[in-house]
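Undergrad: Let me begin by handing over the structure; questions about it come next.
The values are calculated or read from the model by the stated rules, or taken from the named source; none is laboratory data. Source: prediction; values computed, not measured. Glycine also receives a Cβ, built like all others from the backbone with ideal geometry; neighbour counts cover every protein chain displayed.
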Amino acid sequence: MGDDRIKSVVVVGGGTAGWMSAAVLARALGDSVRIRLVESEEIGTVGVGEATIPQIRNINAFLGLDENAFLAATQGTIKLGIQFVDWRAPGHAYLHAFGEIGRPLGAVPFHHYWLAGRPKGDERSLWDYSLNARAAFAGRFDRAVRRPGGAVEPLTYAFQFDAILYARHLRAHAERLGVVRTEGKIVDTSLREPDGFIRSVTLESGEVVEGDFFIDCSGFRGLLIEQALGTGYEDWSGLLPCDRAVAVPTANAGPPRPYTQAIARPAGWQWRIPLQHRTGNGHVFCSRFVSEDEAVAQLMANLEGEALAEPRTLKFLTGRRKRFWNRNVLALGLASGFMEPLESTSIHLVQSGLSRLLNLFPDKGFAQRDIDEYNRQTGLEYERIRDFLALHYWANQRQEPFWQACREMAVPAELTRKVELFRTHGRLFREPDDLFLEASWLQVLIGQGVIPQAHHPLADQLTDDQLQGFLADLRKITADGAAALPAHGDFLRQQCAAR
């Protein structure tokens, strides 16, 4: 029998997606597969994925990256959640905090007890029961809370960092693992007969790079997945209507917050991501409702610190490839699709795609059933994230034309079902392949003003005194835990100060 094992993988494109792919494959496959990455310094990377979600800690750990060294190398800060300012209506704000909200009692999730207290005059915020929220707004962080008696409660956290520096950090690690980098611009792609698989790519220098398997990380261009294979694109702008972003860095105006901000604007929203050396800012907007000049002016008028560069504009179409894996090409990063950075999912989708690839890693036969399963699972994950993002736009009470149009858009039946189930009795169930847990849906639904009409009947088994005592105990535990943490700035200086 012949040897059908994959012997060579070619990663097309650098940036976070390319170098994360190369590093993970080198770490997982070892010396059995040659990994080569082709990129051109003439082609810049987007580099706006500066905020992440907690799952990034898993891939960093898999790669063996020291967390403090990684944060220092990338000018990183800690992220405990995302604050949404003015999304429900001007003057209102809430936090999508990582981690749990309160604690369940028996078989009943905590939020039903919080809901049960509201008709009885308890108007305290849902976020009074979130350790992450308390710590975030107090500007505090440590990796764990040490409770009286010696118990240790880890915090759920992610990172905010310079994506270009992160790619550089990953590159150094990948090259230590044996990945070979080739500088060059791809000018041609060769397909083999009769199956139309990619045989090789040709560089501007004339060099031909062959491979058994290709990972397309070439950004929006989709050099292999689209330009060579014509895979097709599914347009989601009907649900995620923004199609432009303008970005500009600023000097820090104070200690870096341990959370990201997303601030609603008349036709979109503004991000604010504090790093150790600067703050990343951007305005994501819909060009049908505001001109680029107006969008830039709105961003520049709402900066907290001095601008450090000229604003730059990025155009995009929200959606996904019709197939993420086509023949012997798998697309990751912007080559696979784009959903705006509202919930910081871009880097995670690279990570989850790589995890799925390792579970379904092919041989040279490229079994179609495996490819179909990868596409099915990835498609479901994309759709669940899309629906979660669309909820932010759909459930609003703002009066501008853009936001009125968002309220009136037709959303998927699955999203409508989920919202109405929650609106009736506060029921929340996590769907398979849903990245976001019940606590995430809870915070965004409540934050956007979707308040249940009733709560779980079993929550009424507590007497009023028992309910008040239970809620008061949780508030004290949460407040005490947050108060015991050091300042976020002190943590950075002592643990991972950038060079």
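Undergrad: Which condition number does Ser205 fail, the rest of (1) under 30 Å from Ile347 (Cβ atoms); (2) touching a Gly at 6+ places or on another chain (Cβ under 9 Å); (3) among the small types (Gly, Ala, Ser) being met?
TA: Checking Ser205 against (1) under 30 Å from Ile347 (Cβ atoms); (2) touching a Gly at 6+ places or on another chain (Cβ under 9 Å); (3) among the small types (Gly, Ala, Ser), the one that fails is (1).
Undergrad: Taking the criterion of being touching a Ser or Thr at 6+ places or on another chain (Cβ under 6 Å) and aromatic (Phe, Trp, Tyr), would at least one residue in region 161-173 satisfy it?
TA: The answer is yes; a qualifying residue exists.
Undergrad: Which residue is surrounded by the fewest Cβ atoms within 10 Å (Cβ to Cβ), if the candidates are limited to region 1-17 and must be touching a helix residue (DSSP H, G or I) at 6+ places or on another chain (Cβ under 6 Å) and among the small types (Gly, Ala, Ser)?
TA: Out of the qualifying residues, it is Gly15.
Undergrad: Here are Ala167, Ala144: which of them is at pLDDT 95 or above and assigned by TED's automatic domain parsing to the domain that holds Asp387?
TA: Numbers: Ala167 fails: assigned by TED's automatic domain parsing to the domain that holds Asp387.
Going through Ala167, Ala144 in turn, just one is at pLDDT 95 or above and assigned by TED's automatic domain parsing to the domain that holds Asp387: Ala144.
Undergrad: Within the set of pairs 6+ apart or on separate chains, which have a first residue in region 174-201 that is under 14 Å from Leu229 (Cβ atoms), a second that is in a loop (DSSP other than H, G, I, E, B) and of a type in the set (S, T, N, Q), and C-beta atoms under 7 Å apart?
TA: Phe197/Asn328; Ile198/Asn328
Undergrad: Would you check which residues across region 402-417 are out of contact with any Leu (no Cβ under 8 Å at 6 or more places or on another chain) and surrounded by 11 or more Cβ atoms within 10 Å (Cβ to Cβ) and list them? Walk me through how you get there before you give the answer.
TA: Step one: filter region 402-417 for residues out of contact with any Leu (no Cβ under 8 Å at 6 or more places or on another chain), giving 402-408, 410, 413-414, 416-417.
Scanning region 402-417 gives Phe402, Trp403, Gln404, Ala405, Cys406, Arg407, Glu414, Thr416.
Undergrad: Next up: Mind checking which residues of region 372-399 are of a type in the set (A, V, I, L, M, F, W, C), assigned to a helix (DSSP H, G or I) and farther than 23 Å from Asn58 by Cα? I'd like the intermediate steps shown before the answer.
TA: Restricting attention to region 372-399, the residues satisfying the condition of being of a type in the set (A, V, I, L, M, F, W, C) are 380, 385, 388-391, 394-395.
Now drop any that are not assigned to a helix (DSSP H, G or I), which leaves 380, 385, 388-391, 394.
Selection gives Leu389, Ala390, Leu391, Trp394.
The rows are residues; the columns are (1) touching a residue at least 40 places away in the same chain (Cβ under 8 Å); (2) surrounded by fewer than 22 Cβ atoms within 10 Å (Cβ to Cβ).
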{"position": "Gly319", "(1), (2)": "yes, yes"}
{"position": "Met339", "(1), (2)": "yes, no"}
{"position": "Gly353", "(1), (2)": "no, no"}
{"position": "Ile371", "(1), (2)": "yes, yes"}
{"position": "Leu380", "(1), (2)": "yes, yes"}
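Undergrad: For region 259-299, how many residues meet the condition of being under 27 Å from Phe491 (Cα atoms), of a type in the set (Phe, Trp, Tyr) and not in a loop (DSSP other than H, G, I, E, B)?
TA: The number of residues fulfilling the criteria is 1.
Undergrad: Which strands (runs of 3 or more DSSP E) sit wholly inside region 66-136 and have at least 2 residues that are among the hydrophobic types (A, V, I, L, M, F, W, C)?
TA: Details: elements: 77-79, 81-85, 93-97.
Ranges flagged: 81-85, 93-97.
Undergrad: Another question about this same structure. Looking only at region 71-116, count how many residues are surrounded by fewer than 20 Cβ atoms within 10 Å (Cβ to Cβ) and more than 28 Å from the chain's Cα centre (by Cα).
TA: Counting residues in region 71-116 that are surrounded by fewer than 20 Cβ atoms within 10 Å (Cβ to Cβ) and more than 28 Å from the chain's Cα centre (by Cα) gives 4.
Undergrad: Still on this model: State yes or no: is Gly280 in the same structural domain as Val411 (by TED's automatic domain parsing), buried (at least 18 other Cβ atoms within 10 Å of the Cβ), touching a residue at least 12 places away in the same chain (Cβ under 8 Å) and within 22 Å of Gly18 (Cβ to Cβ)?
TA: Against the criterion (in the same structural domain as Val411 (by TED's automatic domain parsing), buried (at least 18 other Cβ atoms within 10 Å of the Cβ), touching a residue at least 12 places away in the same chain (Cβ under 8 Å) and within 22 Å of Gly18 (Cβ to Cβ)), Gly280 qualifies.
Undergrad: Considering only residues that are in contact with a helix residue (DSSP H, G or I) (Cβ under 6 Å, 6 or more places away or on another chain) and assigned to a strand (DSSP E or B), which ones fall in region 331-371?
TA: Ala331
Undergrad: With the checklist (1) of a type outside the set (A, V, I, L, M, F, W, C); (2) crowded, with 22+ Cβ neighbours inside 10 Å; (3) closer than 20 Å to Phe402 by Cβ in hand, flag the one item Pro258 doesn't pass.
TA: So the condition that Pro258 fails would be (3).
Undergrad: Another question, then. Looking at Arg376, is it more than 30 Å from Val290 (Cα to Cα), charged (D, E, K, R) and outside the structural domain of Phe289 (by TED's automatic domain parsing)?
TA: Values: more than 30 Å from Val290 (Cα to Cα): yes; charged (D, E, K, R): yes; outside the structural domain of Phe289 (by TED's automatic domain parsing): yes.
Spelling it out, Arg376 is indeed more than 30 Å from Val290 (Cα to Cα), charged (D, E, K, R) and outside the structural domain of Phe289 (by TED's automatic domain parsing).
Let's see how each residue does on (1) of a type in the set (A, V, I, L, M); (2) in contact (Cβ under 8 Å) with a residue 12 or more places away in the chain; (3) outside the structural domain of Ile198 (by TED's automatic domain parsing):
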| residue | (1), (2), (3) |
| --- | --- |
| Ala17 | yes, yes, no |
| Val33 | yes, yes, no |
| Ala61 | yes, no, yes |
| Gly64 | no, yes, yes |
| Ala69 | yes, yes, yes |
| Trp87 | no, yes, yes |
| Glu100 | no, yes, yes |
| Leu105 | yes, yes, yes |
| Pro109 | no, yes, yes |
